[in-house]
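**Student:** Okay, handing you the structure first.
The values are calculated or read from the model by the stated rules, or taken from the named source; none is laboratory data. The shown structure was predicted, so the numbers you read here are calculated from the model rather than taken from an experiment. So basically every Cβ, Gly included, is an ideal-geometry build from the backbone, and we count neighbours across all protein chains shown. Side chains included, ligands, DNA and RNA excluded: accessible areas come from the protein's heavy atoms. Shrake-Rupley method; radii C 1.70, N 1.55, O 1.52, S 1.80 Å.
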Amino acid sequence: MKELKKRVFRQNIRLAESGLIVLTWGNVSGIDREKGLVCIKPSGVPYETMTEEDMVVVDMDGNVVDGKYRPSSDTPTHLYLYKQFENISGIVHTHSAYATAWAQAGKDIPAYGTTHADAFYGDVPCSRALTKSEIERDYEHNTGVVIAEAFEDKDYNAIPAVLVKNHGPFTWGKTPEKAVDNAITLEEVAKMALFTEQINPSAPRVDECLLEKHYSRKHGKNAYYGQAGNAPRRGRQAPAGE
């Protein structure tokens with residue numbers, strides 16, 4: 001698990017460096033599906049003092065198998081999502097300002113343009129509110145339940161993000177690194193969507209054909225965005241979207 005702990009630690013630090021974290025409000029996890037073990041940030045430990053060795057490893061029932069601290073209080077949510085969404089290997093939760101504002105408003109983030117479409121194939125859904133009994137009993141587990149419910153008629157691979165009503169965003173991906181990429185992207189499209197509605201409250205969603213084009217050129221069967229084999233860039237770095 002040493003390599004997974006290193007990666008999860010680095011992505012937690014990256015999340016803080018991206019500006020999506022205030023104090024200790026957020027976490028990144030990663031899973032080793034062969035071993036059935038999840039690595040996650042410890043609960044309430046400041047990012048400024050946190051180390052790779054502080055990462056906590058739990059089994060799929062939430063029992064700590066490695067680590068000196070308690071795992072994140074959101075661990076039951078992560079575990080539930082790993083069980084429900086079998087193709088993901090990384091999860092992120094933040095309280096980033098713009099995405100959380102949409103969650104507090106109880107509104108999906110509409111797909112208004114190609115920046116959104118590059119990452120999310122349609123509106124990012126906002127879950128229903130948890131009931132009183134769900135909050136009072138197994139709150140974090142039930143947070144995972146309402147997230148999974150929001151995807152009963154949606155593809156979690158194509159829309160790797162959700163807003164939990166009155167709470168905040170969760171994102172995921174095939175790796176912890178990709179889950180953080182999606183968290184960063186989500187915050188940007190949440191900001192853009194807010195500005196779009198302020199400028200034009202009647203703005204239409206992006207045309208379905210353009211949505212399909214931008215999503216498929218990055219994620220489709222015949223995707224052609226980027227370099228084959230993720231080759232490192234040399235010389236001038238292309239601006240986003242090129």
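**Student:** If Tyr215 satisfies all but one of (1) at pLDDT below 95; (2) closer than 29 Å to Ile13 by Cα; (3) surrounded by fewer than 19 Cβ atoms within 10 Å (Cβ to Cβ), what's the number of the condition it fails?
**Tutor:** Failing condition for Tyr215: (3).
**Student:** A further question follows. Quick check, is Ala148 aliphatic (A, V, I, L, M) and assigned to a loop (DSSP other than H, G, I, E, B)?
**Tutor:** No: the conditions fail for Ala148.
**Student:** Restricting attention to region 123-135, report how many residues are open to solvent by less than 10 Å² (accessible area, probe 1.4 Å) and either closer than 20 Å to His219 by Cα or over 17 Å from the mean Cα position of the chain (by Cα) (or both).
**Tutor:** Adding up the residues that qualify gives 2.
**Student:** Residues in region 56-95 that are loosely packed, with under 14 Cβ neighbours inside 10 Å and in contact (Cβ under 8 Å) with a residue 60 or more places away in the chain: how many?
**Tutor:** Qualifying residue count, region 56-95: 2.
**Student:** For region 195-212, how many residues meet the condition of being open to solvent by 60 Å² or more (accessible area, probe 1.4 Å), in contact (Cβ under 8 Å) with a residue 12 or more places away in the chain and under 25 Å from Gly168 (Cβ atoms)?
**Tutor:** Summing the residues that are open to solvent by 60 Å² or more (accessible area, probe 1.4 Å), in contact (Cβ under 8 Å) with a residue 12 or more places away in the chain and under 25 Å from Gly168 (Cβ atoms) in region 195-212 gives 1.
**Student:** Let me ask something additional. Here's a check for you: in region 86-111, which residue that is under 16 Å from the mean Cα position of the chain (by Cα) and in a loop (DSSP other than H, G, I, E, B) is farthest from Thr196 (Cα to Cα)?
**Tutor:** Among those that are under 16 Å from the mean Cα position of the chain (by Cα) and in a loop (DSSP other than H, G, I, E, B), it is Glu86.
**Student:** For region 3-14, does any single residue satisfy the condition of being β-branched (Val, Ile, Thr) and under 22 Å from Lys174 (Cα atoms)? Outline the logic, then answer.
**Tutor:** Taking region 3-14 and keeping what is β-branched (Val, Ile, Thr), we get 8, 13.
Retained after the next criterion (residues that are under 22 Å from Lys174 (Cα atoms)): 8, 13.
The answer is yes; a qualifying residue exists.
**Student:** Pairs only if they're at least six apart or on different chains, beta carbon under 9 angstrom, first in region 129-140 and of a type in the set (Ser, Thr, Tyr), second modelled with pLDDT of 95 or more; list them, first residue then second.
**Tutor:** Every condition considered, the pairs that remain are Thr131/Asn142; Ser133/Asn142; Tyr139/Pro76; Tyr139/Leu130.
**Student:** If you take the residues of region 124-147 that are among the small types (Gly, Ala, Ser) and in contact with a Ser or Thr (Cβ under 9 Å, 6 or more places away or on another chain), which of them is nearest to Trp172 (Cα to Cα)?
**Tutor:** Within region 124-147, the first condition is being among the small types (Gly, Ala, Ser), and the residues that meet it are 127, 129, 133, 144.
Still in the list and also in contact with a Ser or Thr (Cβ under 9 Å, 6 or more places away or on another chain): 127, 144.
Values: Ser127: 16, Gly144: 13 Å.
In this case the residue turns out to be Gly144.
**Student:** Separate question: For region 5-17, what are the residues that are in contact with a Phe, Trp or Tyr (Cβ under 8 Å, 6 or more places away or on another chain) and surrounded by fewer than 23 Cβ atoms within 10 Å (Cβ to Cβ)? Working first, answer last.
**Tutor:** So in region 5-17, the residues in contact with a Phe, Trp or Tyr (Cβ under 8 Å, 6 or more places away or on another chain) come out as 12-13, 16.
If the condition is that a residue be in contact with a Phe, Trp or Tyr (Cβ under 8 Å, 6 or more places away or on another chain) and surrounded by fewer than 23 Cβ atoms within 10 Å (Cβ to Cβ), then Ile13, Ala16 are the ones that fit.
**Student:** So which residues in region 157-179 are open to solvent by less than 40 Å² (accessible area, probe 1.4 Å), out of contact with any Cys (no Cβ under 6 Å at 6 or more places or on another chain) and either among the charged types (D, E, K, R) or within 22 Å of Gly113 (Cβ to Cβ) (or both), if there are any at all?
**Tutor:** Ala158, Ile159, Pro160, Ala161, Val162, Pro169, Thr171, Gly173
**Student:** Considering only residues that are part of a strand (DSSP E or B) and either open to solvent by 10 Å² or more (accessible area, probe 1.4 Å) or modelled with pLDDT of 95 or more (or both), which ones fall in region 18-55? Talk me through it step by step, then tell me what you get.
**Tutor:** Filtering region 18-55 for residues part of a strand (DSSP E or B) gives 26-32, 37-40, 42.
Those that are part of a strand (DSSP E or B) and either open to solvent by 10 Å² or more (accessible area, probe 1.4 Å) or modelled with pLDDT of 95 or more (or both): Asn27, Val28, Ser29, Gly30, Ile31, Asp32, Leu37, Val38, Cys39, Ile40, Pro42.
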